[in-house]
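To start, the structure under review is shown below, and the notes come after it.
The values are calculated or read from the model by the stated rules, or taken from the named source; none is laboratory data. Since this is a predicted model, take the numbers as computed values, not measurements. Quick reminder, even Gly has a Cβ in these numbers, built from the backbone with ideal geometry, and neighbours come from all protein chains shown. Only protein heavy atoms, including side chains, enter the accessible area calculation; ligands, DNA and RNA are left aside. Shrake-Rupley method; radii C 1.70, N 1.55, O 1.52, S 1.80 Å.
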Amino acid sequence: MAALPPYASTGQKLWYWGFRLICALIFFFLIFPLLIIIPLSFNSLPYFTFTPEMLAFEAGAYSLVNYNDFFTNSDWQNALYNSVRIAPVATLLSVSLGTLAAIGLSQSHVPFRGVIMAVLISPMIVPLIISAAGMYFFYSRIGLQGTYVGVVLAHAALGIPFVIITVTATLVGFDRSLTRASANLGANPVRTFFKVQAPLILPGVISGGLFAFITSFDEVVVVLFVGSAGQKTLPWQMFTGLREQISPTILAVATILVVVSVGLLTTVELLRRRSERLRGMSPQ
Amino acid sequence: MQRGMMANGENATGLILAADGRPLKQSLARALRLQKLRALALIAPLLIFILVTFAAPIADMLFRSVENSIVPDTLPLTVQALADWDETSGEPPGEAVFVALHQDLLAAVAAKAHTRVGSRLNYEKTGLASLLRKTGRRVKRMAEDGNLAAQFAKIHKDWVNPEIWAVIKRFSGNYTSGYFLNSIDTRLGADGIEAKPENERIYIFLFERTLLLSVAITVACLLIGYPVAFLLATLPMRTSNVLMILVLLPFWTSLLVRTSAWKVLLQQQGVINDTLVFLGLIADDARLAMINNQTGTIIAMTHILLPFMILPLYSVMRTIPPSYMRAARSLGATDWTAFWRVYFPQSVPGIGAGAILVFILAIGYYITPELVGGTSGTFISNRIAYHISSSLNWGLAAALGVILLVVVLLLYWLYDKIIGIDNVKLG
């Protein structure tokens, strides 16, 4: 679908623009639900639709009442606190263990590589409800059900496949002669790792970490089962809100989360470009 | 140490030697072993972590789906005494079994375990829970006068019903197939496996609905994902990178945010219905019911899973050289023939990857069907959650989970065969 040639027939022109119109509609479908909640979250009345006053752009129809509720309501603040307490620790666990393992997996001779890889990726493949059920059964046996540690361990396990995938992807393009050169110049393995290898794989590690973070931060199924009221996270609070008493505060929270994901997406994209530039893989 | 080294590094037997005098082969093997050990040492902490936090729970679930030790543990003497009873005789068991039952129940009531064994047996035969509860209340007042059978019969006539005893005997082992049979709408009757009565069948129907809705979602994702991936793959890199943001932003946005957005949009008083009424397309009293039914599940899940279809399709389509289509056209093919006979076959691996990925994700979805599916748009996972947290029938939840897991693993294996797990790309 390159540019339309000047000799295109009417049918071809029609198809060319028709196809673009269809694609525009699909893009609209993808992005519209995310955008529509932003203006709705500023509704001064507790409705989930545009009031006539809002459509007339009257100043009084818009207000920060939903945001105010989010920042003052203790339920939401507790949930935010729990999310912030769980996700970074789980991320740290998955990133540190996952990076080590990804370096191990990228060596040239690893016995049972396929099996190990399959096991490490499995938390991403197994449906969340099954992981949640299994963890609920097993963690209640060993006394971790309903504890902070249990939720952190469960979330770390769910984040690991993302770290493994992104870090191994960075290591695939890694030039082994760099470590050999470093060793040749007298650096010991630890120094080689920190001075040569680490800076090169860092973008992969950070984007893996971001994936792990968002996995934990957005996760609701496992925490519903493994956690108890004391570990109620932001998604859990949203889930309860949506299921039981749907309050417009959810729209404010959703808007804040959309802004957060725009930030994350930008970071990951910048990191990916930096990594490709560092390794000389892409000219852009 | 090898002795008698020759000048060119070979000894008398013709082996090549390394600098330290060992045979080169041995030296190499040693280096390789060290390398393997180092790699494994790096992997080991994570592997142990995953085995404990993730693999063990899955194994526990497998175990729970067949575990039945509650019956032989709570009623050990009864189970033993029942072994001699012939369930085909049509007669209730003899006094010895009732003596054993009396003993077992006394111990069970003291440990408050009789209600739990009652609920376990109730899954197989309704009424056993209340029977055991009722008997448990009176068992202390019974006299061991050699006529326990009659006393039990006085509490409830079911105790002299051979059918009840047959059920207890059938489910007295340490392991049971009962949960799995239950999850495919069958049960272990007197003459082996039999179908449940029509009005109790639910799980086959739920599995079918899960599969059908997942197929519908996959097809919808493919139909609307293919044109977008095609456009992104054929546009110049700069433009497509910008448009890609529109695909990646929903991908990065919280699932709960997207689900709440759909909940808001699809409501009877929601934005879509309001717009349609405003445009005069539907009457105010005939607003469309798009939520809390299958339509809601399909729309919301198609939106949520669409990026998982577009991204693999895009990465395959990027590799198809545009010159092939031009060549086909210059050889006289129409636009459609060039696409269908040349481009489309090369994009099939992407279709396979995307379709399997979307299907695997869809089949195990819980949150979205729970929130927008109502009663007609829920999946088997909603039933699993229900059994864990509401009905507390963990064995059945585990059995349903195992069946779902097997289906997903089969698809995963297929995915690995076609695309390879190493080729999974993110973002």
* Structure fact -> With Cα springs under 10 Å, the Gaussian network model of chain B assigns the largest mean-square fluctuation among B:234, B:259, B:378 to B:234
* Asked: Could you sort B:116, B:238 by accessible area so the largest value comes first, with the probe set to 1.4 Å?
  -> B:238, B:116
* Asked: What angle do you read, to the nearest 10 degrees and between 0 and 90, between the alpha-carbon axis of helix B:380-389 and the longest principal axis of chain B?
  -> 50
* Structure fact -> The simple spin-label model distance between residue B:340 and residue A:183, using points 7 Å out along Cα→Cβ, in nm, is 5.9
* Structure fact -> Once the in-chain neighbours fewer than 8 apart are removed, the lysines whose Cα is under 23 Å from residue B:157 read B:125, B:134, B:140, B:169
* To do: Step through the residues of region A:51-63 one at a time and calculate ³J(HN,Hα) from phi using the Karplus curve (6.51 cos²θ - 1.76 cosθ + 1.60, θ = phi - 60°), rounding each to whole Hz and writing x for Gly and Pro.
  => 7, x, 5, 5, 5, 8, 6, 7, 4, x, 7, 9, 7
* Structure fact -> Expressed as a whole number, the average count of other chain Cβ atoms within 10 Å around the Cβ atoms of A:155-162 is 3
* To do: Give the Rg/Rh ratio for region A:85-156, taking Rg as the radius of gyration of the Cα atoms and Rh as the Kirkwood radius, to two decimals.
  => 1.03
* Asked: Could you list log10 I(q)/I(0) for region B:242-347 at q = 0.12, 0.13, 0.14 Å⁻¹, which the Debye formula gives when each Cα is one point scatterer?
  -> -0.66, -0.72, -0.76
* Compare the peptides A:143-150, B:96-103 by average per-residue count of other Cβ atoms within 10 angstrom and give them in order, highest first. => B:96-103, A:143-150
* For residue B:190 and residue B:318, FRET efficiency with R0 = 51 Å and r from the beta-carbon atoms, rounded to 0.05? -> 0.25
* Structure fact -> Gyration tensor (Cα only) of the protein assembly as shown to equivalent ellipsoid, semi-axes in Å sorted down, yields 51, 41, 26
* Asked: For chain A, what is the calculated [θ] at 222 nm in deg cm²/dmol (nearest 500), taking -39500 (n - 2.57) for each run of four or more DSSP H residues and dividing by its residue count?
  -> -24000 deg cm²/dmol
* Asked: Based on DSSP H assignment, which helices of chain A show an axial Cα extent of at least 30 Å together with a mean Kyte-Doolittle hydropathy greater than or equal to 1.6?
  -> A:10-40, A:148-172
* **Ordering of B:198-204, A:264-270 by packing [mean C-beta count within 10 Å, highest first]** => A:264-270, B:198-204
* To do: Have a look at region A:104-127 and report residues whose accessible surface goes down by 40 Å² or more when the remaining protein chains are included, against the chain on its own, probe 1.4 Å, ligands and DNA/RNA excluded.
  => A:107, A:109, A:111, A:116, A:119, A:120, A:125, A:126, A:127
* **Computed E for residue B:115/residue B:80 - FRET, C-beta separation, R0 25 angstrom, nearest 0.05** => 0.65
* When the Karplus curve 6.51 cos²θ - 1.76 cosθ + 1.60 is applied with θ = phi - 60°, which whole-Hz ³J(HN,Hα) does each residue of region B:104-114 get, with x for Gly and Pro? -> 4, 5, 4, 5, 5, 5, 4, 8, 6, 9, 5
* Asked: What average number of partner chain Cβ atoms lie no more than 10 Å from the Cβ of the residues making up A:252-261?
  -> 4
* **Summed buried accessible surface, chains B and A, 1.4 Å probe, nearest 100 Å²** => 8100
* **B:154, A:195, B:36, ranked by accessible area, largest first (probe 1.4 Å)** => B:154, A:195, B:36
* Please give the helix B:344-363 orientation as an angle from the longest Cα principal axis of chain B, in degrees from 0 to 90, rounded to the nearest 10. => 30
* **For region B:33-62 and region B:145-159, distance of Cα centres in Å** => 56
* Structure fact -> Here the whole-number average of other chain Cβ atoms within 10 Å per Cβ of A:29-42 is 5
* Hey, can you rank A:171-178, B:355-362 by average C-beta count inside 10 Å, highest first? -> B:355-362, A:171-178
* What number in nm² do you get for region B:356-401 if you take the convex hull of its Cα atoms and divide its surface by four? -> 3.5
* Between 0 and 90°, nearest 10: helix B:237-252 axis offset from chain B longest Cα axis -> 10
* To do: Provide the descending list of Cα extents for region A:73-278 along its principal axes, expressed in whole angstroms.
  => 65, 39, 25
* Check the straight Cα-Cα distances from residue B:263 and name the lysines below 30 Å, setting aside those fewer than 8 residues away within the same chain. => A:232
